[in-house]
1. Can you find even one residue in the stretch 9-19 that is surrounded by fewer than 17 Cβ atoms within 10 Å (Cβ to Cβ), at pLDDT 95 or above and within 15 Å of residue 217 (Cα to Cα)?
2. Considering 73, 94, 127, 30, which residue is farther than 29 Å from residue 206 by Cβ, away from ligand 2 (no atom under 16 Å from the Cβ) and touching a strand residue (DSSP E or B) at 6+ places or on another chain (Cβ under 9 Å)?
3. Determine whether residue 206 is surrounded by 15 or more Cβ atoms within 10 Å (Cβ to Cβ) and in contact with a strand residue (DSSP E or B) (Cβ under 8 Å, 6 or more places away or on another chain).
4. Among the numbered criteria (1) within 16 Å of ligand 1 (Cβ to nearest atom); (2) surrounded by fewer than 24 Cβ atoms within 10 Å (Cβ to Cβ); (3) farther than 21 Å from residue 11 by Cα, which one does residue 45 miss?
5. So which residues in the stretch 125-137 are within 14 Å of residue 170 (Cβ to Cβ) and buried (at least 24 other Cβ atoms within 10 Å of the Cβ)?
6. Based on this model, can you work out whether residue 59 counts as part of a loop (DSSP other than H, G, I, E, B) and in contact with a helix residue (DSSP H, G or I) (Cβ under 6 Å, 6 or more places away or on another chain)?
7. Give 76, 83 a once-over and let me know the one that is closer than 16 Å to residue 215 by Cα, touching a helix residue (DSSP H, G or I) at 6+ places or on another chain (Cβ under 6 Å) and either without any contact (Cβ under 8 Å) to a residue 60 or more places away in the chain or within 16 Å of ligand 1 (Cβ to nearest atom) (or both).
8. So is residue 22 within 12 Å of ligand 2 (Cβ to nearest atom) and either assigned to a loop (DSSP other than H, G, I, E, B) or closer than 16 Å to residue 212 by Cα (or both) or not?
Ligand code: KIV
Ligand code: NA
């Protein structure tokens, strides 16, 4: 099947169809999600707290994320591969953002990058797009700013909806090819989607966005603990792996494995 390109996502917005996005951080997930027809794979900075064992997305570095991105991009045959620019790798200046974005396309083999932030980052987006780095904008709840925002809180409620609309319009005008919204009331997200010509993606943002995204370990039930309200679990991989590992351990200890069929 033909590669998913940015213009296909834009076509979806025009035609009123939807596309799906999932995070991926390694070869097999990239291979499976790509074969499943997921249009966009995000090498999220959520690798920080889903791969590297951190509590938040803040500690992950460019050098940690680049090899994961390379693995996903090398494996995916069809999906558009988008990489998050980690906290601290683009905020200082447009020059810093261009340099980091170029690294993700050159060394990470990503097709596009994502940065968090509102209208303030419009000049940054413009510089990156000018340099040949396609940018997805991430507004609403932006996890890299969790300390500044005072925790995981819904953004764009009531009068604050206007701010999100202004952010989205400014970022789209600056050349962002897509606007992702996290933890935004469905009504606000619909208003944002209506205000811009570019496709939108939602996570906890209702169903009126062009696309939807979830962290794959949440979607597939690999992660334990409390799930956010916006997560739907489509599998219970945690139980599957727990049972497999437990059975293997018991077989080894009891001498059931390896059997004659596994021996030379
Ligand atoms: O890092 C991430 O996984 C994300 C999304 C879930 C939007 O940014
Ligand atoms: Na992210």
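1. Within the stretch 9-19, none of the residues are surrounded by fewer than 17 Cβ atoms within 10 Å (Cβ to Cβ), at pLDDT 95 or above and within 15 Å of residue 217 (Cα to Cα).
2. Values: 94 fails: touching a strand residue (DSSP E or B) at 6+ places or on another chain (Cβ under 9 Å); 127 fails: touching a strand residue (DSSP E or B) at 6+ places or on another chain (Cβ under 9 Å); 30 fails: farther than 29 Å from residue 206 by Cβ.
Every option except 73 fails the conditions.
3. no
4. (2)
5. The answer is 125, 135, 137.
6. Values: part of a loop (DSSP other than H, G, I, E, B): yes; in contact with a helix residue (DSSP H, G or I) (Cβ under 6 Å, 6 or more places away or on another chain): yes.
Judged against the criteria, residue 59 is a match.
7. On the way: 76 fails: closer than 16 Å to residue 215 by Cα.
Only one candidate passes the filter, namely 83.
8. On the way: within 12 Å of ligand 2 (Cβ to nearest atom): no; either assigned to a loop (DSSP other than H, G, I, E, B) or closer than 16 Å to residue 212 by Cα (or both): yes.
No: the conditions fail for residue 22.
The values are calculated or read from the model by the stated rules, or taken from the named source; none is laboratory data. Note that the structure is predicted; figures quoted are calculated from it, not measured. Virtual Cβ from ideal backbone geometry, glycine too; neighbours counted across all protein chains shown.
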